[in-house]
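Read-outs throughout are calculated quantities, based only on the coordinates presented, and are distinct from any laboratory measurement. Note that this is a predicted model, so its numbers are computed, not measured. Note: ideal-geometry Cβ built from the backbone for every residue, glycine included; neighbour counts use all protein chains shown.
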Amino acid sequence: MQPSCLEHVVAEFDITGVGVWSSHFPDWAAFCRGLNSGVWSYGADLDPDVIPARERRRAPASVKMAVEVMDQACRMAEMDPENVASVFASAMGDMKITDSMCRTLAVHPELVSPTQFHNSVHNAPLGYWSIAMGSHAPATAVAAHHFSASIAMLEAAVQCFEESAPVLLVVQEGDAPLALEGSCKSDHPLAVGLLFTPAGTTSKCMARVGFTVKPNEIAWPSLPAGLADSYSGNPSGKMLALLAVLAQHSSPETGSSPHGVLEFPLGQHTSLNLEIRSAEPGRTP
Amino acid sequence: MALSPPPVDTEEDPIHEFSIEQTLTVILATYDHSAYKIDVSVVKHRAIEPARGTRGEPVELVVDCYTATSAAGVGLSALWASIRNRQSGLSWQDLAGSDLGTWVGRVSALDESPLAPTLQHLESRCNRLAWLGLQQDGFLSRMKQITARLGAHRVGALIGTSTSSIGRTEEAYTRLDASGRMTVPYCQPDVHHMHSPGTFVVEATGIAGPAMTISTACSSGAKVFAAAARWIRHGLVDAVLVGGVDSLCFSTLYGFRSLQLVSSEPCRPFDRRRDGISIGEAAGFAVLMRGDLAPGAEHAFLGSGESSDAYHMSHPHPEGKGAVLAMKKALERSSLSGDDIDYVNLHGTASKANDLIETLALAQCVGRATLASSTKGWTGHTLGAAGMLEAIIVLESIRTGLVPGTLNCEQPEDSLHFPILSENTERLVRRAMTNSFGFGGNNATLVFGARGG
């Protein structure tokens, strides 16, 4: 089969909001500053107050990370999240809960708590988010092990394009306990939120992205200098390559130097090709 | 960009060399789905044109083949015989190491169903169940035909699961070494993560298109159809192996117990004496495909609706708001009204809250002539596999005209807002719907129909 067989109509979406949280950069502004200076500030503990108090008491760290970056992305885009569909990706889900539940089940299974159990579902962050925002929009939680970040970007892009509606993507991973290190070598938690909107539908466009899928085996794009050591083992760390291109766009020094092409493997046989450029706000292609 | 679909030359199509009538005759005569086992000695590589589905352009989507394995039977014939004979698959819970007093939908054949030698590095109860399921009804050989014909890159995989291979991880935790690391034989990097069944299915079938696991608790196995439809419409792939796999494990048994949602008896959906769910396990698979590439397929996928309750992590919205949204959206996308639906396979878990609220929502969405039932009395609640298993039951109802009446519903609750079918009923089913609702208030409704019906 010829490689061209997989290429299809160039579909596009706009990135209109970004959120990011890790111990190195608590938000997008800090991430951009760090990229320029090479110096990373260290964030404080997370307790996003957009989660209602009743729910926040029960919300685990994985939920707080996700909600934080989803909220950041919506605020940047000035987008009311009520009608925005969401896609959540994590290779492992909440590893702290998995670790703690499996330890309990190994010794005293009857001591598993109701809160621990309902927080253990993969879509828990989207459940809390929908409750916090009063959003009845569709919510999809996905995973593809090492390829979770790239497959989630593809899923969010396809949803945005096919449903002609905005999609809030969150890709994250916590730090792995010893027992789960074999499957995930993540040692620095990271969450990245991106708001995808149909091309040319808002005035808040950071970048226009054309996406295609190709039948080839490629390597991951490299991570920004200074972050590779901390995030190369974290499946969501792959998102930092995209954030670096976006940061370059939004940087006042470089102005609008709009072009970047990134290729992410989707598995062993296919890749996601993103062609990133700046877009005039509100202009349809 | 509007590209017209490539013409389909059915004479050159080695898989669909039978007419619909001939295929139906074969199926009805043998009732063992031998139509899926047509020997294809020569499979031609046919160039598939790229990219037709663009936004707004309708693309017919059909179900090319399907299979299901649950406590109610390994393979479709066994499942349908159980349903026809009203023989429940539920049994007293006897998993090693647990004395939890409840009934479960356990696939007992799993103990004697090892993985193929080349797949044994992926050992887990979940993957064993997937493997047993893939081998029924000629599904695996059918998959090989499809990937050979379309090209492995043109076939994707979307698997729904709530717990993946967590049962294997639980076992590994009972044998950690002194430092807290996993020990042999549990050092399986490709098993202890959420995409384990997706990884397994890709390895077992040789699919080379995009592959993803969807895990939205008990709606997972339904949402794969919605996602697969988008992938195909977009032109990303021409066919998607959609699946739902969930196996019995301590996490869900003790987790649902902690929420006081587990019944001590076989579950009784919609019955006034119902007191909780019976947890089950199942593997169901189907191939969703562009209609022009599967002229012999009998079932059309008509539409889906996805929504969120925005109410509570583990309790449904008291007015069924998310359920109504999902059903109404699915009807709208299918271009149907509620009166057009002949049968609804309900989520119907036998929890106090779900069953009452689901009938409240249903009454707002379908007509009074619509038949509605739950099949969880046969299979238990198979969680992330339920959406797929029940989609397959709906497809079989359309094919056979047998609508399952709710098993164990002997005294329907008085306050139900919609009548629940208790007895098996023969009825021409042209269009049918299935509901799946999960934790986090995550809802999905699917609509299928007889093709051309």
When the convex hull of the C-alpha atoms of region A:126-285 is computed, what volume per residue in Å³ does it have?
135 Å³
Working note, region B:313-358: Cα radius of gyration (Å, one decimal) and Dmax (Å, whole number) are 11.9, 33
Here the net charge surrounding B:VAL394, from other residues whose Cβ is less than 11 Å away from its Cβ (Lys, Arg +1; Asp, Glu -1), is -1
Remind me, what semi-axes does region B:311-453 give for its equivalent ellipsoid, largest first in whole Å, using sqrt of 5 times each Cα gyration tensor eigenvalue?
21, 17, 14
One point scatterer per Cα, no solvent, Debye formula: log10 I(q)/I(0) for the protein assembly as shown at q = 0.10, 0.11 Å⁻¹ comes out as -0.92, -1.13
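Considering just Cα atoms, how many Å³ per residue does the convex hull of region B:255-378 enclose? Each step should come with its number before you reach the end.
On the way: hull volume 17.3 nm³, N = 124.
Enclosed volume per residue, from the Cα hull, is 140 Å³.
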Given bins 5 angstrom wide, list per bin the percent of all Cα-Cα distances in region B:296-335, short to long.
6, 24, 21, 16, 13, 10, 5, 3, 1
Take the alpha carbon gyration tensor of region B:125-205, find the square roots of its eigenvalues, order them as a ≥ b ≥ c, and report rounded if a/c is under 1.5; if not, report prolate when a/b exceeds b/c, else oblate.
prolate
Per residue of A:261-273, what is the mean number of Cβ atoms on other protein chains within 10 angstrom of that residue's Cβ?
3
Assigning unit charges at the beta carbon (Lys, Arg +1; Asp, Glu -1) and nothing else, what dipole magnitude in debye, to the nearest 20, does chain A show about its Cα centre?
140 debye
If one puts a single equal scatterer on every Cα of chain A and applies the Debye formula without solvent, what log₁₀ I(q)/I(0) results at q = 0.10, 0.12 Å⁻¹?
-0.50, -0.73
In degrees rounded to 10, the 0-90 angle between helix A:95-107 Cα long axis and the longest Cα principal axis of chain A is 30 degrees
Enter the mean number of other protein chain beta carbons within 10 Å of the beta carbon of each residue in B:434-440, as an integer.
4
Over all directions, what mean area does the Cα convex hull of region B:396-443 project, stated in square nanometres?
4.7 nm²
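Take every Cα pair under 8 Å in chain B that's 6+ residues apart, average their separations, divide by the length, and report that relative contact order as a whole percent.
20 percent
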Could you tell me the relative contact order of region B:126-275? Use alpha-carbon pairs under 8 Å, at least six residues apart, and round to a whole percent.
34 percent
What is the log10 of I(q)/I(0) for region B:157-303, computed with the Debye formula using one identical point scatterer on each Cα and no solvent, at q = 0.11, 0.20 Å⁻¹?
-0.55, -1.17
Given contacts defined as C-alpha pairs under 8 Å and at least six residues apart, what's the relative contact order of region A:1-127, whole-number percent?
23 percent
At a Förster distance of 41 Å, what's the computed FRET efficiency of A:ASN83 paired with A:ARG277, Cβ-Cβ distance as r, to 0.05?
0.90
Against the 2.2 N^0.38 Å rule of thumb, the C-alpha Rg of chain B sits at a ratio of 0.93
What share of Cα pairs, in percent, lie more than 17 angstrom apart in region A:108-162?
55 percent
I'd like the orientation of helix A:148-163 relative to chain A: the angle between its Cα long axis and the longest Cα principal axis, in ° from 0 to 90, rounded to 10.
60 degrees
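Per residue of chain B, what 222 nm ellipticity follows from adding -39500 (n - 2.57) for every DSSP H run with n ≥ 4, rounded to the nearest 500?
-8500 deg cm²/dmol
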Inverse of <1/r> over all distinct C-alpha pairs of region A:94-219, i.e. the Kirkwood Rh in Å, gives 17.1 Å
Do the sum for chain A: with -39,500 (n - 2.57) for every DSSP H run of n ≥ 4, divided by all residues, what is the mean residue ellipticity at 222 nm, to the nearest 500 deg cm²/dmol?
-9500 deg cm²/dmol
The Rg/Rh figure for region A:1-145, Cα atoms and Kirkwood Rh, to two decimals is 1.05
Quick check on my link table: of B:LYS321/B:LYS376; A:LYS64/A:LYS96; A:LYS238/B:LYS223; B:LYS328/B:LYS376; B:LYS223/B:LYS328, which ones sit more than 19 Å apart, alpha carbon to alpha carbon?
B:LYS321/B:LYS376; A:LYS238/B:LYS223; B:LYS328/B:LYS376
Summing Lys, Arg as +1 and Asp, Glu as -1, what charge do residues with Cβ under 13 Å from the Cβ of B:ALA96 carry, B:ALA96 excluded?
-3
Arranged from highest to lowest average of other beta-carbon atoms within 10 Å per residue, in what order do the peptides B:184-190, A:175-181 appear?
A:175-181, B:184-190
What are the residues whose amide H is under 5 Å from the amide H of A:THR140, where those residues sit 5 or more places off or on another chain and H is modelled from the backbone?
A:SER86, A:VAL87, A:PHE88
Which order do the peptides B:244-255, B:392-403 take when ranked by the mean count of other beta-carbon atoms within 10 Å per residue, highest first?
B:244-255, B:392-403
Tell me whether region A:184-228 comes out rounded, prolate or oblate; compute the Cα gyration tensor, take square roots of the eigenvalues as a ≥ b ≥ c, and use a/c under 1.5 as the rounded threshold.
oblate
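Show me A:141-149, B:364-372, A:112-120 ranked by packing, highest mean number of other Cβ atoms within 10 Å first.
A:141-149, A:112-120, B:364-372
What is the average number of partner chain Cβ atoms found within 10 Å of a Cβ in B:203-212?
Mean number of neighbouring Cβ atoms from other chains: 5.
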Roughly how tilted is helix A:124-133, in degrees to the nearest 10 and between 0 and 90, from the longest Cα axis of chain A?
70 degrees
Under the Karplus relation with 6.51, -1.76 and 1.60 and θ = phi - 60°, whole-Hz ³J(HN,Hα) for region B:305-312, x at Gly and Pro, equal x, 10, 7, 10, 6, 6, 10, 7
